[in-house]
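Report on the following structure.
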Amino acid sequence: MTDTRSATSRLAGVLPDAERVVAEHFLVQIERLKAERNAVVLAHNYMTPDIYHGAADFTGDSLALAYQAARTDADVIVMGGVHFMAETAKIVSPEKTVLIPDTEAGCSLAESITGPDVRLLKDRYPGVPVVTYVNTSAAVKAESDICCTSSNALQVVDSLAEDRVIFLPDRYLGRWVASQTDKQLILWEGSCEVHERFTGTELRDYRASRPGLQIIAHPECPSDVLEEADYVGSTAGMIDWVEANKPASVVLVTECSMSDNVAVEHPEVEFVRPCNLCPHMQRISLAGILESLRTMRHEVTVDPAVADGARASVERMLAVGRRPVPA
Ligand code: 13P
Ligand code: SF4
């Protein structure tokens, strides 16, 4: 989604006055440099509200962000997100300069597996197709047959002719898919360090204390959490669900900055906010985005041959049916 209001006016009602003054100090400079560099700023749904509502030209999940940026004539993309997301933006827009404000913004899922690991799996299970979640490095995508997102993983697995599928790297998303398909899934032991901290017991306690509470969860959560959920979906799916259902009270079982962002747009909904923050996402700040634009650092590059392989895996997924961005 894009917002044409000035960056500073977008923060009215989003931050307390004292914080807004500080944020505006950065935003004025960010806007000036965006124009000078012909740059766009992307913000994943887990960015803090100052970035999500203030600095971003586009917000969304990683795939939507990459395709939104590709549609623009910007020369520079600044990724408000983690490293694999910046790589995905580069894969989709090889001609653009992609910057990440902090090179340490990684991901426990993406770091759980390497390209050579995928090659070993393919040697061990010859002829078994490899489905890879987009939360992985370009090298891992390039070794895979097809990518998936958290919203289309089941559809992608079911689209394959084979009865057995290697599903990488999130064991919880894999188990969630396995519970709904007839195919046999060979899983990898990767996990998201943020979502795996939630427990079913914690959610039952929330429900008991608040009659009518709706629980919506990301499929990177453990199985006992997903069993408690009224809806399971990607970050974009969760936002759509809140918009469509406008519950009186809801808990978004995911990285907690997302509740802060969505709450701004839904003052009528009460958000119960257990706070599990992603330490990698939290490395991105307005100051870091400004510094990126000022210094043109840190550029994210992907070897062209790897990018071609990764893009092919993403495009095979899109052919199965996922529209990365609204038409
Ligand atoms: P989606 O935004 O694709 O649902 O992914 C969630 C996530 O954990 C991103 O790091
Ligand atoms: Fe990775 Fe989890 Fe952080 Fe997303 S929330 S970037 S999957 S560690």
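Within region 70-89, the residues that satisfy the criterion of being over 15 Å from MET281 (Cβ atoms) and surrounded by fewer than 24 Cβ atoms within 10 Å (Cβ to Cβ) are ALA70, ARG71, THR72, ASP73, ALA74, ASP75, VAL76.
The set of residues in region 245-299 that are farther than 20 Å from GLY60 by Cβ, within 16 Å of ligand 1 (Cβ to nearest atom) and polar (S, T, N, Q) contains only ASN276.
Pairing each residue of region 46-57 that is more than 16 Å from GLU291 (Cα to Cα) and assigned to a loop (DSSP other than H, G, I, E, B) with any residue that is away from ligand 1 (no atom under 16 Å from the Cβ) and acidic (Asp, Glu), provided the two are 6+ apart or on different chains, yields C-beta distances under 9 Å for ASP57/ASP3.
Of the candidates ASP182, ASP224, the single residue that is surrounded by fewer than 18 Cβ atoms within 10 Å (Cβ to Cβ), more than 16 Å from ligand 2 (Cβ to nearest atom) and part of a loop (DSSP other than H, G, I, E, B) is ASP182.
Rundown of residues vs (1) closer than 22 Å to GLN68 by Cβ; (2) within 16 Å of ligand 2 (Cβ to nearest atom); (3) in contact (Cβ under 8 Å) with a residue 24 or more places away in the chain; (4) not hydrophobic (A, V, I, L, M, F, W, C), yes/no style:
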position	(1), (2), (3), (4)
MET85	yes, yes, yes, no
THR88	yes, yes, yes, yes
ILE91	yes, no, yes, no
THR97	yes, no, yes, yes
GLY106	no, yes, yes, yes
SER112	no, yes, yes, yes
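Could you go through region 108-119 and let me know if any residue there is assigned to a loop (DSSP other than H, G, I, E, B) and over 25 Å from ILE216 (Cα atoms). Scanning region 108-119, I find at least one residue that is assigned to a loop (DSSP other than H, G, I, E, B) and over 25 Å from ILE216 (Cα atoms), so the answer is yes.
The numbered conditions (1) touching an Asp or Glu at 6+ places or on another chain (Cβ under 9 Å); (2) assigned to a helix (DSSP H, G or I) are all true for MET258 except (1). Residue pairs whose Cβ atoms lie under 6 Å apart, separated by 6 or more positions or on different chains, with the first residue in region 291-320 and in contact (Cβ under 8 Å) with a residue 60 or more places away in the chain and of a type outside the set (S, T, N, Q) and the second in a loop (DSSP other than H, G, I, E, B) and crowded, with 18+ Cβ neighbours inside 10 Å, are HIS298/ILE100; VAL300/ILE100.
For region 102-117, give me the residue count where each residue is away from ligand 1 (no atom under 15 Å from the Cβ) and surrounded by 24 or more Cβ atoms within 10 Å (Cβ to Cβ). Matching residues across region 102-117 total 0.
One residue stands out in region 276-295 among those that are in contact with an Asp or Glu (Cβ under 9 Å, 6 or more places away or on another chain) and loosely packed, with under 14 Cβ neighbours inside 10 Å: the one that is nearest to ALA236 (Cα to Cα), namely LEU277. Can you find a residue that is assigned to a loop (DSSP other than H, G, I, E, B) and modelled with pLDDT of 95 or more anywhere in region 24-34? No.
The set of residues from region 122-153 being surrounded by fewer than 22 Cβ atoms within 10 Å (Cβ to Cβ), within 14 Å of ligand 1 (Cβ to nearest atom) and in a helix (DSSP H, G or I) is empty. Considering region 37-50, the residues that are touching a strand residue (DSSP E or B) at 6+ places or on another chain (Cβ under 7 Å) and under 19 Å from PHE84 (Cα atoms) include one that is nearest to ligand 2 (Cβ to nearest atom), namely HIS44.
The values are calculated or read from the model by the stated rules, or taken from the named source; none is laboratory data. All values derive from a computational prediction rather than experimental measurement. All Cβ positions, even for glycine, are placed from backbone atoms using ideal geometry, and neighbour counts span all protein chains on display.
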